[in-house]
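Peer 1: Take a look at this one; I'll ask things after.
The values are calculated or read from the model by the stated rules, or taken from the named source; none is laboratory data. All values derive from a computational prediction rather than experimental measurement. For neighbour counting, all protein chains shown are included, and Cβ atoms are generated from backbone atoms with ideal geometry for every residue, glycine included. Side chains included, ligands, DNA and RNA excluded: accessible areas come from the protein's heavy atoms. Shrake-Rupley method; radii C 1.70, N 1.55, O 1.52, S 1.80 Å.
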Amino acid sequence: MLSNIYIENVAVIEKASIDFDGSFNVLTGETGAGKSIIIDSINAILGQRISKDLIRSGSQSAFISAAFTDVSDSAKAVFEECGYQAEDDMFILQRQISLSGKNSCKINGRPAPLSVFKKVSGCLVNIYGQNEGYDFMTADSHIHYIDAIGDYSDLLDEYRSKFMTYTQIRKKIISLNDNIQDRARKIDLLRYQIGEIEDADLHDGEIEEIEEQRALLINSEKIRTGLMFVHALLAGDDEEGAVSILDSANDTLRDISDMYTPLADVTNRLQSAFEEIKDCQYEINDFIDGIDIDPNALAEIEERYELIKSLRRKYGDTIREILNFCENAKSELDSLLEFDINKEKLMEEFQIAKTELVETAGRLSQRRTATAKEFSDSVMEEMRYLDMPNVVMVPQITKCEYSEKGCDRVELLISANPGEEPKPLTKIASGGELSRIMLAVKTIIAEKDEIATLIFDEIDTGISGSAASKVGRKLRQLSKTHQVLCITHQAQIAALADTHMFISKSVSEGRTYTKIRRLDFEQRKYELSRIIDGDSPSELSLKHAEEMLNSK
């Protein structure tokens with residue numbers, strides 16, 4: 001529910017904070033006091049387009065903040081889908097509008113696009129008033145109202161499941177039938193790709209092996225020259241090499257180590273070094289003999305290297321990815337080659353799915369038709385109670401293409417006056433009539449409607465007396481399951497509220513200021529008397545107001 005709204009620098013409202021209760025709230029005040037500004041502010045929080053002209057004169061920006069508590073699970077799911085979590089089971093929506101045209105929107109202190117405001121607000125509040133664009137005014141929404149009260153949710157789920165199966169099979173058939181020439185070209189391409197990969201006869205790890213062999217062959221001459229130079233230093237050529245010199249040094253140390261025992265350790269170490277270096281000389285010699293400088297071998301490696309390089313550009317960075325591509329291509333080729341078999345099987349499945357879909361849709365249509373009649377009769381009964389006995393509601397159900405909703409298009413047509421043909425709701429001129437129709441509709445679907453807050457803006461337009469009392473009682477009844485906010489000029493409606501807000505304006509130093517305050521019992525009595533009798537209430541009107549408050 002909407003627990004609080006804070007408004008700053010919006011038209012005649014400099015600053016105002018309004019706390020609402022979870023039941024029946026009314027707002028009263030003289031025309032022009034600022035009641036419509038509150039509705040405009042709520043619309044701003046709901047993501048509606050707001051004119052910069054609403055910014056209070058002399059201010060650079062306007063700011064509105066609304067706190068919602070006890071949010072339904074379905075509304076929380078929408079918030080979470082958009083990336084926002086409740087904080088202390090509360091969502092705070094804030095919007096700032098500046099003269100520069102820049103908008104700032106936040107949810108629980110985090111920035112939010114205006115589109116998100118529109119999405120989440122649709123789960124929080126519905127506004128019904130003289131100039132509001134009702135959801136009910138859109139014919140596409142009527143089917144939801146019928147389904148909401150229809151006791152056939154299991155049948156709806158069954159239909160949606162069959163529709164999903166039908167749609168998936170249909171998409172597969174369309175995919176199979178799409179452009180026979182493209183299918184033939186795809187088969188040729190797959191065969192070429194599979195042949196190219198298989199002819200290469202690849203194996204895992206080959207890329208690393210090829211790169212190692214290639215590096216060796218490219219640098220073989222340099223490697224061999226270096227090895228021969230090192231071998232010459234060790235073995236000697238025209239003069240003694242390192243091995244011979246170490247051997248002579250080792251012999252000398254052995255001869256004298258017997259005469260000077262401390263030399264024994266260094267003699268042993270030099271002997272080990274001599275043997276290690278001598279082994280290195282032999283191994284280097286083997287390496288020299290093993291280096292292949294065959295230019296043909298390099299050409300073969302280069303050819304193989306370029307082939308693998310080409311395959312990597314086309315089919316994957318690694319040998320495993322290339323081989324996996326080949327396996328997937330084979331599977332796709334098998335599927336395409338089995339086109340006729342697959343198509344025949346799919347067509348059989350499609351006919352079964354279509355038959356089941358049509359049968360389920362037919363049962364759903366029957367239930368909808370009956371429910372739409374019951375719904376229309378209930379609305380007309382409510383309208384008779386609300387002193388609109390001539391309202392006729394006719395459900396018009398026509399067939400349409402199969403969709404997730406079924407194969408029905410539902411539109412509720414209205415005739416407000418005797419002798420007039422039922423017409424779409426958009427053709428009804430009276431905002432008061434529309435508000436009362438919506439009040440009747442909401443009363444009927446109240447238990448299944450998850451939108452917690454319902455706002456009625458001057459629903460009492462064009463009514464008085466018993467009709468106003470009846471509207472008030474319906475609003476009070478609705479407030480048992482929903483939070484109801486109502487802007488009214490009727491004492492009969494205001495007297496039935498649980499919470500009464502009074503909106504007044506004053507002028508100070510050439511500026512207009514709006515004040516909003518919650519009324520206690522005595523203050524409510526004087527406000528009701530003012531509505532009944534004008535600015536100078538009589539004793540009789542005060543007594544009447546007191547009786548109205550005590551009799552609710």
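Peer 1: What does the convex hull of the alpha-carbon atoms of segment 501-552 project to on average, in nm²? Provide the component values of the computation, followed by the final result.
Peer 2: Values: hull surface 16.4 nm².
Reported value for the Cα convex hull: 4.1 nm².
Peer 1: Sticking with this structure for a sec: Quick query: amide H of D408 versus all other amide H atoms, modeled in the peptide plane; which residues come in under 5 Å with a sequence gap of 5 or more or a different chain?
Peer 2: Close amide H contacts, sequence-distant or interchain: C400.
Peer 1: What pairs from K427/K474; K399/K448; K76/K442; K423/K525 go past 31 Å between their alpha carbons?
Peer 2: Values: K427/K474 25 Å; K399/K448 26 Å; K76/K442 22 Å; K423/K525 43 Å.
Beyond 31 Å between Cα atoms: K423/K525.
Peer 1: Can you give the three extents of the C-alpha atoms in segment 104-223 along their principal axes, from longest to shortest, in whole Å?
Peer 2: 94, 47, 28
Peer 1: Something else about it: Place +1 on the Cβ of every Lys and Arg and -1 on the Cβ of every Asp and Glu in the chain, take the dipole about the Cα centre, and give the residue among S65, T512, S272 whose Cα lies farthest towards its positive end.
Peer 2: With unit charges placed on the Cβ atoms, the residue in question is T512.
Peer 1: Using +1 on the beta carbon of Lys and Arg, -1 on that of Asp and Glu, and nothing else charged, what's the dipole of segment 47-167 about the Cα centre, debye to 20? Walk me through the intermediate numbers first.
Peer 2: Details: 12 positive and 16 negative charges, 209 e Å.
The dipole of segment 47-167 has a size of about 1000 debye.
Peer 1: How many angstrom lie between the C-alpha centres of segment 495-539 and segment 180-235?
Peer 2: Centre-to-centre (Cα) distance: 92 Å.
Peer 1: Okay, moving on. Can you tell me how segment 308-379 classifies by the Cα gyration tensor, rounded, prolate or oblate, using a/c under 1.5 as the rounded cut? Can you show the working numbers first?
Peer 2: On the way: a/c = 8.48, a/b = 2.82, b/c = 3.01.
Oblate, since a/c reaches 1.5 and b/c is not below a/b.
Peer 1: Explain nothing, just compute: Karplus ³J(HN,Hα) = 6.51 cos²θ - 1.76 cosθ + 1.60, θ = phi - 60°, for every residue of segment 469-483 in order, whole Hz, x for Gly and Pro.
Peer 2: Listing the rounded values in order: 4, 5, 4, x, 5, 5, 5, 5, 4, 5, 6, 6, 10, 9, 7 Hz.
Peer 1: Right, next: Could you order the peptides 169-175, 461-467 from most to least packed, using the average number of other C-beta atoms within 10 Å per residue?
Peer 2: 461-467, 169-175
Peer 1: Quick one: how many Å² of M1 are accessible to a 1.4 Å probe, rounded to 10?
Peer 2: That residue has around 50 Å² of solvent-accessible surface.
Peer 1: I've got another one for you. With every protein chain present, what accessible area does S100 have (1.4 Å probe, heavy atoms only), rounded to the nearest 10 Å²?
Peer 2: 100 Å²
Peer 1: Then there is this: If you count the DSSP beta bridges with both ends in the chain, what percent of them are antiparallel, to the nearest 5?
Peer 2: On the way: 49 of 67 bridges.
Antiparallel bridges: around 75 percent, rounded to the nearest 5.
Peer 1: Run the reach check for K309 against lysines, Cα to Cα strictly under 23 Å, same-chain hits fewer than 8 apart removed. What comes back?
Peer 2: K330
Peer 1: Give the angle, between 0 and 90 degrees and rounded to the nearest 10, that separates the Cα long axis of helix 220-235 from the longest principal axis of the Cα atoms of the chain.
Peer 2: The helix 220-235 is inclined about 50 degrees to the chain.
Peer 1: Charges only on Cβ, +1 for Lys and Arg, -1 for Asp and Glu: so what's the dipole of segment 69-119 about the Cα centre, in debye to the nearest 20? Could the numbers behind the result be given before it?
Peer 2: Numbers: 7 positive and 7 negative charges, 101 e Å.
My answer is approximately 480 debye.
Peer 1: Once each part is reduced to its C-alpha centroid, what is the distance from segment 371-436 to segment 238-274 in angstrom?
Peer 2: 116 Å
Peer 1: Show me, for segment 500-508, the HN-Hα J-couplings you get by feeding each phi into the Karplus relation (A = 6.51, B = -1.76, C = 1.60, θ = phi - 60°), rounded to Hz, glycine and proline as x.
Peer 2: Couplings: 10, 9, 10, 10, 9, 10, 9, 10, 9 Hz.
Peer 1: Round to the nearest 10 and give me the degree value, 0 to 90, for the angle of helix 521-533's Cα axis relative to the longest principal axis of the chain.
Peer 2: In the chain, helix 521-533 runs at an angle near 60 degrees to the longest axis.
Peer 1: Roughly what % of Cα-Cα distances in segment 21-175 sit above 19 Å, to the whole percent? Walk me through the numbers before you get to the answer.
Peer 2: Details: 8033 of 11935 pairs.
For segment 21-175, the share of Cα pairs beyond 19 Å comes to 67 percent.
Peer 1: Once Rh for segment 176-303 is found with the Kirkwood sum over Cα pairs, what is the Stokes-Einstein diffusion coefficient at 25 °C and 0.890 mPa s, in µm²/s? Please report the intermediate quantities before stating the final value.
Peer 2: Details: Rh = 20.2 Å.
Roughly 121 µm²/s, to the nearest whole number.
Peer 1: Another one. To the nearest 10 square angstrom, how much accessible area does V392 have with a 1.4 angstrom probe?
Peer 2: Spelled out: V392, probe radius 1.4 Å, area about 60 Å².
Peer 1: For the chain, what's the relative contact order in percent, using C-alpha pairs closer than 8 Å and at least 6 residues apart? It would help to have the intermediate numbers written out before the result.
Peer 2: On the way: 770 pairs, mean separation 122.0, N = 552.
Across the chain, relative contact order equals 22 percent.
Peer 1: Output the Kirkwood hydrodynamic radius of the chain, Cα pairs only, in Å rounded to one decimal.
Peer 2: 32.2 Å
Peer 1: Right, something else. Return the loop-located trypsin sites (Lys or Arg not before Pro) in segment 48-105 (DSSP other than H, G, I, E, B) with at most 13 other Cβ atoms within 10 Å of their own Cβ; answer none if there are none.
Peer 2: Numbers: sites: R49, K52, R56, K76, R95, K102; in loops: R49, R56, K102.
Filter output for segment 48-105: R49, K102.
Peer 1: Apply the Karplus parameterisation 6.51 cos²θ - 1.76 cosθ + 1.60, with θ equal to phi minus 60°, to every residue of segment 59-74 and state each ³J(HN,Hα) to the nearest whole Hz, in sequence, with x for glycine and proline.
Peer 2: Each residue of segment 59-74 in turn: 9, 8, 7, 10, 9, 10, 9, 10, 9, 10, 10, 6, 6, 5, 4, 5 Hz.
Peer 1: Past 18 Å, Cα to Cα, is the threshold; run K35/K515; K354/K405; K162/K373; K470/K552; K118/K480; K470/K543 against it and keep the listed order.
Peer 2: Values: K35/K515 11 Å; K354/K405 16 Å; K162/K373 26 Å; K470/K552 12 Å; K118/K480 27 Å; K470/K543 21 Å.
The answer is K162/K373; K118/K480; K470/K543.
Peer 1: For the chain, with only Lys/Arg (+1) and Asp/Glu (-1) charged at the beta-carbon, what is the dipole magnitude about the Cα centre, in debye rounded to 20? Don't jump to the answer; show the numbers that get you there.
Peer 2: Numbers: 65 positive and 97 negative charges, 1209 e Å.
Result for the chain is approximately 5800 debye, rounded to the nearest 20.
Peer 1: While we're on this one: Using a 1.4 angstrom probe on heavy atoms only, work out the carbon and sulfur share of the accessible area of segment 1-144 in %. Please list the in-between numbers first.
Peer 2: Details: 2840 of 6310 Å².
Carbon and sulfur atoms account for 45 percent of the accessible area of segment 1-144.
Peer 1: Just going by the charge dipole of the chain, with Lys and Arg at +1 and Asp and Glu at -1 on Cβ, which of L233, P389, M347 is farthest out on the positive end?
Peer 2: Positive-most Cα among the choices belongs to P389.
Peer 1: Limiting things to C-alpha atoms, what are the Rg and the maximum Cα-Cα separation (Dmax) for segment 338-459, in angstroms?
Peer 2: 20.4, 70
Peer 1: Compute the angle between helix 35-45 and the longest alpha-carbon principal axis of the chain, please, reported from 0 to 90 degrees and rounded to the nearest 10.
Peer 2: 20 degrees
Peer 1: Next question. For H482, H489, give the ranking by accessible area with the largest first, probe 1.4 Å.
Peer 2: On the way: H482 5, H489 70 Å².
If we order H482, H489 from most to least accessible, we get H489, H482.
Peer 1: Here is a further query. With viscosity set to 0.890 mPa s and temperature to 25 °C, compute the Stokes-Einstein D of segment 390-545, Rh being the Kirkwood radius across alpha carbon pairs; µm²/s, no decimals. Please list the in-between numbers first.
Peer 2: Values: Rh = 18.4 Å.
After rounding, the answer is 133 µm²/s.
Peer 1: Further, regarding this structure: Using amide H atoms built 1.01 Å from N in the peptide plane, name the residues 5+ places from Y128, or on other chains, whose amide H lies under 5 Å from its own.
Peer 2: Counting only residues 5 or more places away or on other chains, the set is I455, F456, D457.
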